[in-house]
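**Q** Dumping the structure here so I can ask a few things about it.
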Amino acid sequence: MTQTQMKTALPLRDTPQLYGRITRLLHWSIAALMLWQFVGMGLKLALGRQPIVAFFVGSHQKVGTVLFVLIVLRVVWALTNRRNRPHHGDGVVGLAARLGHLALYGAMILVPLSALMRAYGGERGFAPFGFPIFAPQQPPIGWMVQFGELLHGELAWVTLALIAGHVLMVGVHEGMWRDGTLTRMAGRRRA
Ligand code: HEM
């Protein structure tokens, strides 16, 4: 029997051994769009006003809005599957993994939410992809605008640090402990 024949089809839902197709689709599409956001904002900080930067900055609010929807779906899907997905293990390492993931979920929700609150409370209105979502506020809702101003950019960089820690730990699992953690989100189960 060939290796391909030994692989079984990926389930739609999660199982205790691996993450299913829906979780993987959400995980990797969110990862790609987050990368887009950070590359764009990193270039903005590094290069200032440039055509390439304008391209990224021009897509930032639209991509961020799509990300918010995907992240909400991801949280709902994670809750639906919470009793039927891979465990993070016992002891300190398992606890650290659970807390790290909780922090990532919290930050991923708050970063776009704070920007959307700022847009909701602002005087300019908000129409990503040309669809008017929030009408302009006259006068603006001060606390919402300030909340977004205070939190959005700062928490986004904290989120980037959390993502870096997450990627680093996957590297430790794969390179040192060799426990197949990456396979749960990226690999195939064998029959
Ligand atoms: C998960 C999604 C998002 C990520 C990861 C993200 C990330 C970032 C980062 C890293 C910055 C740069 C902060 C700095 O200059 O130090 C930024 C700025 C900005 N973001 Fe987002 N963002 C997201 C969603 C959104 C959404 C949904 C909106 C609009 C509704 C938005 C609007 C803005 C604006 C206007 C700025 C420039 C002004 C500022 O610093 O606050 N972002 N974002």
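**Q** Once both axes come from the Cα atoms, what is the angle between helix 51-80 and the longest principal axis of the chain, in degrees from 0 to 90, rounded to 10?
**A** It works out to around 50 degrees.
**Q** I want to verify a result. In a Gaussian network model of the chain, Cα cutoff 10 Å, which of these has the top mean-square fluctuation: VAL76, VAL93, VAL66?
**A** Judging by the Gaussian network model, the answer is VAL93.
**Q** Subtract the Cα-Cα distance of ALA164 and LEU43 from 0.36 nm times their separation in residues, and report this length gain in nm to one decimal. If you can, show how the numbers build up before the last one.
**A** On the way: separation 121, 0.36 × 121 = 43.56 nm, distance 1.79 nm.
So the extension gain works out to 41.8 nm.
**Q** Let me ask another. Once every DSSP H run of n ≥ 4 in the chain is given -39500 (n - 2.57) and the sum is divided by its residues, what mean residue ellipticity at 222 nm do you get, rounded to the nearest 500 deg cm²/dmol?
**A** Details: 6 runs with 129 residues, N = 191.
Here the helix-only value at 222 nm equals -23500 deg cm²/dmol.
**Q** Leaving out ligands, DNA and RNA, what percent of the accessible area of region 132-177 is carbon and sulfur, probe 1.4 Å?
**A** Values: 2340 of 3140 Å².
Carbon and sulfur: 74 percent of the exposed surface of region 132-177.
**Q** Further, regarding this structure: Give the carbon-plus-sulfur fraction of the accessible surface of region 42-114 in %, rounded to a whole number; probe 1.4 Å, heavy atoms of protein chains only. Each step should come with its number before you reach the end.
**A** Numbers: 3220 of 4540 Å².
On region 42-114, the fraction of accessible area on carbon and sulfur atoms equals 71 percent.
**Q** The chain: percent of C-alpha pairs farther apart than 26 Å?
**A** Pairs farther apart than 26 Å: 43 percent.
**Q** Over all alpha-carbon pairs of region 112-171, lay out the pair-distance distribution in 5 Å bins, whole %, shortest bin first.
**A** Pairs per bin, as whole percents: 5, 19, 19, 17, 12, 10, 8, 6, 3, 1, 0.
**Q** Going 7 Å from the Cα of LEU25 along its beta-carbon direction, which residues of region 56-73 have the amide nitrogen within less than 14 Å of the resulting point?
**A** Once the point is set 7 Å along Cα→Cβ of LEU25, 70-71, 73 turn out to lie under 14 Å by backbone N, inside region 56-73.
**Q** Computed over the Cα atoms, what is the radius of gyration of region 89-191 divided by 2.2 N^0.38 Å, N being its residue count?
**A** Details: Rg = 19.5 Å, N = 103, 2.2 N^0.38 = 12.8 Å.
Dividing the Cα Rg of region 89-191 by 2.2 N^0.38 Å gives 1.52.
**Q** What is the helix-to-structure angle for 21-47, meaning the angle in degrees between its Cα long axis and the longest Cα principal axis of the chain, kept from 0 to 90 and rounded to the nearest 10?
**A** That works out to roughly 40 degrees.
**Q** Full extension from LEU95 to ALA135: what is 0.36 nm times the residue separation minus their Cα-Cα distance, to one decimal in nm? Please list the in-between numbers first.
**A** On the way: separation 40, 0.36 × 40 = 14.40 nm, distance 4.37 nm.
Full extension of this stretch gives 10.0 nm more.
**Q** Can you tell me the 0 to 90 degree angle between the C-alpha axis of helix 91-121 and the longest principal axis of the chain, rounded to 10?
**A** Approximately 30 degrees, to the nearest ten.
**Q** I'd like to check one number: the per residue accessible area of the chain, probe 1.4 Å, reported in Å² as a whole number. Kindly include the intermediate steps, with their values, before the conclusion.
**A** Details: 12230 Å² over 191 residues.
Spelled out: the 1.4 Å probe surface of the chain, per residue, equals 64 Å².
**Q** With a ≥ b ≥ c taken as the square roots of the eigenvalues of the C-alpha gyration tensor of region 54-121, please select rounded if a/c is under 1.5 and otherwise prolate if a/b is larger than b/c or oblate if it is not? If you can, show how the numbers build up before the last one.
**A** Details: a/c = 2.73, a/b = 2.27, b/c = 1.20.
The shape class here is prolate.
**Q** Here's another thing I want to ask about it. What trypsin sites (Lys or Arg not before Pro) does region 82-152 have in DSSP loop regions with at most 12 other beta carbons within 10 Å? Mind dumping the intermediate values first?
**A** Numbers: sites: ARG82, ARG83, ARG98, ARG118, ARG124; in loops: ARG82, ARG83, ARG124.
Within region 82-152, the qualifying trypsin sites (Lys or Arg not before Pro) (loop, at most 12 other Cβ atoms within 10 Å) are ARG82, ARG83, ARG124.
**Q** Mind giving me the nanometre distance, one decimal, between the label points for ARG13 and ARG82, set 7 Å out from Cα along Cα→Cβ?
**A** For the pair ARG13/ARG82, the computed spacing is 1.6 nm.
**Q** Additional query: Using only alpha-carbon positions, what ratio does the radius of gyration of region 5-105 give when scaled by 2.2 N^0.38 Å?
**A** 1.37
**Q** Quick check: residue separation of ALA127 and VAL172 times 0.36 nm, minus the Cα distance between them. What number comes out in nm? Working shown, then result.
**A** Values: separation 45, 0.36 × 45 = 16.20 nm, distance 4.27 nm.
Between ALA127 and VAL172, full extension yields an extra 11.9 nm.
The values are calculated or read from the model by the stated rules, or taken from the named source; none is laboratory data. None of these values were measured; they are calculated from a predicted model. All Cβ positions, glycine included, derive from the backbone under ideal geometry; neighbour counts span all protein chains shown. Side chains are part of the model used for accessible areas, which takes the heavy atoms of the whole protein and leaves out ligands, DNA and RNA. Shrake-Rupley method; radii C 1.70, N 1.55, O 1.52, S 1.80 Å.
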